[in-house]
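J.: Dropping the structure in here first, questions after.
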Amino acid sequence: MDLKNLTVFNLANQNMRYLSARQKVLAENIANASTPNYLAKDLEKPQFLTDVEQQHSSLKMTVTNPKHFAELGSVSMNKDANGFRTYTPTPQNALTIDGNGVILEDQVNEASKASSEYKRMVTIYNAYKNMLSTANTKITG
């Protein structure tokens, strides 16, 4: 049985791919914390995740133009090798004298959140996998 065909496994797998890519972007931000004129980047949350989060909401946000990213406050948007959209948020704080916009505390905090979320997805994935394995065993008596 291919677990990727089951919705819960597919969502967990896609979320883990997103979180891995986000960890990479956050690590690049941390590595460039002292690079002049470097602004922190982030990944746009993919549509499959926002759809799941908005299931219980009566109002859904619709993007009518690809240039509309008001909730992200983005300056630019590019796709990475995994197909995730990388953007540069508008800096909320003043830049350093050399033009760097990376705040290490924020980046480390976001990396910690992404790591915790990834671990949670692995736990969910394994729990459902074990549940299916248990349900699939033959009962001998």
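J.: Given the structure, is residue 105 modelled with pLDDT of 80 or more and surrounded by 14 or more Cβ atoms within 10 Å (Cβ to Cβ)? I'd like the intermediate steps shown before the answer.
T.: On the way: modelled with pLDDT of 80 or more: yes; surrounded by 14 or more Cβ atoms within 10 Å (Cβ to Cβ): no.
No: the conditions fail for residue 105.
J.: Condition first: open to solvent by 30 Å² or more (accessible area, probe 1.4 Å) and among the charged types (D, E, K, R). Now tell me which residues in the stretch 25-49 satisfy that.
T.: Residues satisfying the conditions are 28, 41, 44, 45.
J.: Can you tell which of 75, 8 is β-branched (Val, Ile, Thr) and at pLDDT below 65?
T.: Numbers: 8 fails: at pLDDT below 65.
Residue meeting the stated conditions: 75.
J.: Among the numbered conditions (1) open to solvent by 40 Å² or more (accessible area, probe 1.4 Å); (2) closer than 18 Å to residue 44 by Cβ; (3) assigned to a helix (DSSP H, G or I), tell me where residue 120 comes up short.
T.: Single failed check for residue 120: (2).
J.: Further, regarding this structure: Return yes or no: is residue 91 at pLDDT below 85 and loosely packed, with under 11 Cβ neighbours inside 10 Å?
T.: No, not satisfied.
The values are calculated or read from the model by the stated rules, or taken from the named source; none is laboratory data. On a predicted model such as this, the values are computed, not experimentally measured, just so you know. Ideal geometry is used to build each Cβ from the backbone, glycine not excepted, and the neighbour counts take in all protein chains shown. The accessibility values were calculated without ligands, DNA or RNA, using every heavy atom of the protein model including side chains. Shrake-Rupley method; radii C 1.70, N 1.55, O 1.52, S 1.80 Å.
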